[in-house]
Amino acid sequence: MRLLHAIALLGGAGAGLAAALWLVGRLDPAPMPRADAWGTEIRDRSGALLGLAPAPGGVWRFQTNPAEVSHLLTQLLVAVEDQRFGRDPGIDPPAILRAAAQWARSGHVVSGGSTLTMQVAKLLDPRPRSLPAKALEAARAVDLWSRLPPDRILGLWLSLAPFGGNLVGVEAASWAYFGKPPGELDAAASALLVALPRRPEALRPDRHPAAARRVRDRILRLAEQRGLLTPAETEAALAEPVPTARLPMPRVVPQLLAGIHHPPVFATTLDAGTQSALTALARGTLGRLPPHVALAVMIADLPSRHVRAVWAGDWGDGARAGSVDLTRALRSPGSALKPFLYGLAFSDGLAGPDTLLADGPENFGGYTPEDFTNRFAGRVTATEALQRSLNLPAVGLLARYGALRFAAALAAAGEPLRLPPGAEPSLPIILGGGGQTLRGLMALYAGLATDGRVVPVTLQPGPSNSGLPMLTPEAAQTIAAILTRPLPGGGPAEGIAWKTGTSWGDRDNWAMGFDRAHVVGVWVGRPDGTAMDGGSASDHALPVLAGVFGLLPPAPVASRETTTATLQPLSLRVAPDADPLRLLFPPQGAVIAGMGSLDLRAMGGARPLSFLVDGAPVPSLPPLRDTEWTPPGPGFYRVTVLDAGGAAVHAAIRVENQP
């Protein structure tokens, strides 16, 4: 109806031309932008803009609607480009007829007669200047005008207009030249952005400032003539210089979006204030570290596991692998997994906070670990051994609990250790002999800080999943109480539980910590995996952890009575069986024909038993000594059964297709 009314108002030849063009445009409409044509606006938990990420190909182009742009800019645009915008049906028939006559006389396009809607049609499908191209633009403009409201058409122009180089659209140009969103542009800035799309390369202010200023000033004077600016406002705008250089785009943790397509608006759980403070802290820390040493930090809220702030690497610093998301990098955790071994051992009754453990030289079947200080404490309580991160007590405890069983517990909680292909978990895993990521450790320590359930930390809003159990709530509280003590060298006075980890050769320095409201993880190291020059996690990572907690509001601290209660020894839940653990079926070397389910059966050992195939847990009921497993296909498999005392038996089998 809107189109018919506009055509009727044109009358005569104009009405006939519009009707004919509408039919052509409907048969060959302008293509709309693809979903992946846009860059991404990254917004924090309250909707505030945190940063921008370019569209594929490195083009800065963002979806923009008129409500997000300075009202004066849209007024100037209509006044300069198309005063009848929204009233005529997407074309100006007299201007089109005049352009056709000029082409007939000269043999080339002299004037375009383009409306804003015709410009949008061209921006949607650019073609070389010619009369047929102009005719198609006009036809498509009438079709666009018949289907889209004026604000949508104006939004397409604001999103697709060229501004030189890799800048497309008003939002990109506004940030690049003025460092602010388009809704905050003043008269001088608005006039410049209206001028640039006319000749985007020839008028680029960073290359041709004088030419850009001349056109901007003409538009400002036109705005005064048409009553959009007062004389005083015009003079003030004319006095403003044009920008002569592009500004850096606002960016936040660009590694998170690198190589991944995201919607035009990417909502996150980040908090703008905390993110800004963490960025400043990280940059200050990097300034004190050697050039090739990198840093990664995460802060997540408890109990939601929503990431509050993150530093994933120094973007643009090749020496520090700045384009890599270091929160996902697989590194040796050093001693950072010891609290989980102690928690599992406490849960199973193998030890308690006051259990005496040996800290002295010992040979574990050819494996002779050393302490970081090369000194031994003799007999110490489990509490002291964990607080001091002593190596020999942890290895001895793992020997009793079972390395394979410990690795299976991590895998069952959703954060498996990464080992070299074909390698079996063994005692060195408790000292860093496996791979883990900062995100994985964040999930584990968040479980330690709450109820023992492991839930991945997340950067996107929404309810968290229920997680997977690793420790009992009682064991998690006990370990948290053991790790809660003052941070060395200052930082928050109390209420922080923390643990460090240093991998072999000082390649990785970790500091993990939590209070009742936040969990924080810090990694310091060389991304290429080579050793740093001296020091340990206490020297490099722990001061950063203290600094991060200094940025956060203090959390409520548990009372002394509650903390003391959680340190009481846990009751024994497992009584070892005298009957040794055996795997009855399948036997070692079995060749099994057929692809149906297999009955895995064991005998003896201390219940509950755990069944694994190629290191992956097989669901089973704790009171039983059997379970079912269906092979995913023919091939070789390793079946393992573990008992509660850490004993393990294996059988290598082969499954064949049924002949």
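The values are calculated or read from the model by the stated rules, or taken from the named source; none is laboratory data. This structure is a prediction, so every number in the text was calculated from the model and none was measured. Cβ sites come from the backbone with ideal geometry, for glycine too, and all protein chains shown count toward neighbours. For the accessible areas, the whole protein counts, side chains as well, though only heavy atoms, and no ligand, DNA or RNA atoms are used. Shrake-Rupley method; radii C 1.70, N 1.55, O 1.52, S 1.80 Å.
In this calculation the C-beta distance from Ala555 to Asn65 is compared with R0 = 45 Å, giving a FRET efficiency of 0.65. Across the range 402-441 the C-alpha pair distances fall into 10 Å bins from zero in the proportions 31, 62, 6 percent.
Nearest 0.05, what FRET efficiency do Arg288 and Arg400 give at R0 = 25 Å with Cβ-Cβ as r? Could the numbers behind the result be given before it?
Details: r = 42 Å, r/R0 = 1.69.
After rounding, the FRET efficiency stands at 0.05.
With contributions of -39500 (n - 2.57) from each DSSP H run of at least four residues, the per-residue ellipticity at 222 nm computed over the chain stands at -10500 deg cm²/dmol.
Within the same chain, lysines fewer than 8 places from Lys134 are excluded, and of the rest, those with a Cα less than 19 Å from its Cα are Lys122. Scalar couplings 3J(HN,Hα) for the range 497-503, obtained by applying the Karplus form with A = 6.51, B = -1.76, C = 1.60 to θ = phi - 60°, are 9, 8, 8, 9, x, 10, 7 Hz; x denotes Gly and Pro.
With viscosity set to 1.306 mPa s and temperature to 10 °C, compute the Stokes-Einstein D of the chain, Rh being the Kirkwood radius across alpha carbon pairs; µm²/s, no decimals.
Details: Rh = 29.7 Å.
Here the translational diffusion coefficient equals 54 µm²/s.
Within a straight-line Cα-Cα reach of under 23 Å, Lys180 cannot be paired with any lysines, leaving aside sequence neighbours fewer than 8 residues apart in one chain. Seen against the Cα atoms of the chain and their longest principal axis, helix 12-27 is set at about 20 degrees. Just going by the charge dipole of the range 220-325, with Lys and Arg at +1 and Asp and Glu at -1 on Cβ, which of Leu247, Ala277, Val297 is farthest out on the positive end? Of the listed residues, the answer is Val297. Annotation: amide H of Val454 within the under-5 Å range of Leu468, Met470, sequence separation 5 or more or interchain, hydrogens built in the peptide plane. Heavy-atom accessible area for Arg204, with the other protein chains in place and a 1.4 Å probe, reaches approximately 20 Å². Which FRET efficiency value, to the nearest 0.05, do you get for Asp599 and Arg328 by plugging their Cβ-Cβ distance into 1/(1 + (r/R0)^6) with R0 = 35 Å? After rounding to 0.05, the efficiency reads 0.35. Backbone geometry of the range 375-382 corresponds, through the Karplus equation with coefficients 6.51, -1.76 and 1.60 at θ = phi - 60°, to 3J(HN,Hα) couplings of 10, 10, 9, x, 9, 9, 6, 4 Hz, x marking Gly and Pro.
For Ser426, Ser466, Ser190, the ranking by accessible surface with the largest value first comes to Ser466, Ser426, Ser190, using a 1.4 Å probe. Report the net charge of residues surrounding Gly550, where surrounding means a beta-carbon distance below 15 angstrom and charges are Lys +1, Arg +1, Asp -1, Glu -1. That sum, taken over residues with Cβ under 15 Å, equals -1.
With both labels modelled 7 Å from their Cα along Cα-to-Cβ, the Ala48 to Asp614 distance reads 4.9 nm. With the whole protein complex present, Thr230 retains an accessible surface near 60 Å², based on a 1.4 Å probe.
What is the magnitude of the charge dipole of the range 20-92 about its Cα centre, with +1 placed on the Cβ of each Lys and Arg, -1 on the Cβ of each Asp and Glu, and no other charges, expressed in debye to the nearest 20? Write down the numbers at each step before the final one.
Values: 7 positive and 9 negative charges, 37 e Å.
It comes to approximately 180 debye.
Evaluating kT/(6 pi eta Rh) at 37 °C and 0.692 mPa s, with the Kirkwood radius of the range 495-559 over Cα pairs in the Stokes-Einstein relation, gives 265 µm² s⁻¹. Expressed in units of 2.2 N^0.38 Å, where N is the residue count, the Cα radius of gyration of the range 160-214 is 0.98. Pairs of Cα atoms nearer than 8 Å and 6+ residues apart set the relative contact order; for the chain it is 10 percent. Straight-line cross-link partners of Lys338 among the lysines, defined as a Cα under 20 Å from its Cα and at least 8 positions apart when in the same chain: Lys499. Exposed loop sites were defined as GluC sites (Glu not before Pro) in DSSP loop states (anything but H, G, I, E or B) carrying at most 16 other C-beta atoms within 10 Å; in the chain the longest segment without such a site runs 1-200. What you get for the chain, charging only the Cβ of Lys and Arg (+1) and of Asp and Glu (-1), is a dipole of about 1960 debye around the Cα centre. Stretching the chain fully between Arg388 and Leu27 yields a gain of 122.3 nm (0.36 nm per residue, less the alpha carbon separation). Residues within the reach of a label modelled at Asp186 (point 7 angstrom out along Cα to beta-carbon, backbone nitrogen below 16 Å), restricted to the range 211-226, are 217, 220-221. Looking at Pro543, Pro553, Ala531, which one has the Cα that reaches farthest to the positive end of the dipole of the range 494-554 (charges on Cβ: Lys, Arg +1; Asp, Glu -1)? In the range 494-554, that residue is Pro553.
Any chance you could run the full-extension gain for Arg226 through Glu424? It's 0.36 nm times the residue separation minus the Cα-Cα distance, nm to one decimal.
Values: separation 198, 0.36 × 198 = 71.28 nm, distance 7.96 nm.
Net length gain for the segment: 63.3 nm.
Derived from the Cα gyration tensor, the three semi-axes of the equivalent ellipsoid of the range 193-267 are 34, 16, 12 Å, largest first. Dividing the alpha-carbon radius of gyration of the range 321-379 by the rule-of-thumb value 2.2 N^0.38 Å gives 1.58.
Excluding Asn65 itself, calculate the net charge of residues whose Cβ lies under 15 Å from the Cβ of Asn65, where each Lys or Arg counts +1 and each Asp or Glu counts -1. Spell out each step's value before the answer.
Details: positive: Arg61, Arg152; negative: Glu41, Glu68, Asp151, Glu171.
The answer is -2.
Inter-part distance, the range 125-188 to the range 276-310, computed on C-alpha centroids, equals 39 Å.
Scaling against 2.2 N^0.38 Å puts the C-alpha radius of gyration of the range 358-515 at 1.08.
Using only Cα atoms and rounding to the nearest 10 degrees, what angle (0 to 90) does helix 438-449 make with the longest principal axis of the chain? With rounding to tens, the tilt is 60 degrees. Looking only at the range 40-84, which residues have a backbone nitrogen under 12 Å from a spot 7 Å from the Cα of Asp206 in the C-beta direction? Flagged as within label range: 60. Helix 473-483 axis versus longest C-alpha principal axis of the chain: approximately 90°, rounded to the nearest ten.
Need the full-extension length gain, Ala35 to Leu247, defined as separation in residues times 0.36 nm minus the C-alpha distance. One decimal, nm. Mind dumping the intermediate values first?
Numbers: separation 212, 0.36 × 212 = 76.32 nm, distance 2.71 nm.
Separation in residues times 0.36 nm, less the Cα-Cα distance, equals 73.6 nm.
Toward the positive end of the charge dipole of the range 318-387, with +1 on the Cβ of Lys and Arg and -1 on the Cβ of Asp and Glu, the farthest Cα among Ala358, Ala321, Phe346 is that of Ala321.
With a ≥ b ≥ c taken as the square roots of the eigenvalues of the C-alpha gyration tensor of the range 121-213, please select rounded if a/c is under 1.5 and otherwise prolate if a/b is larger than b/c or oblate if it is not? Each step should come with its number before you reach the end.
Numbers: a/c = 2.70, a/b = 1.53, b/c = 1.77.
The shape class here is oblate.
Placing a label point 7 Å from the Cα of Val591 along the Cα-to-Cβ line, the residues of the range 611-654 whose backbone N sits under 12 Å from it are 654.
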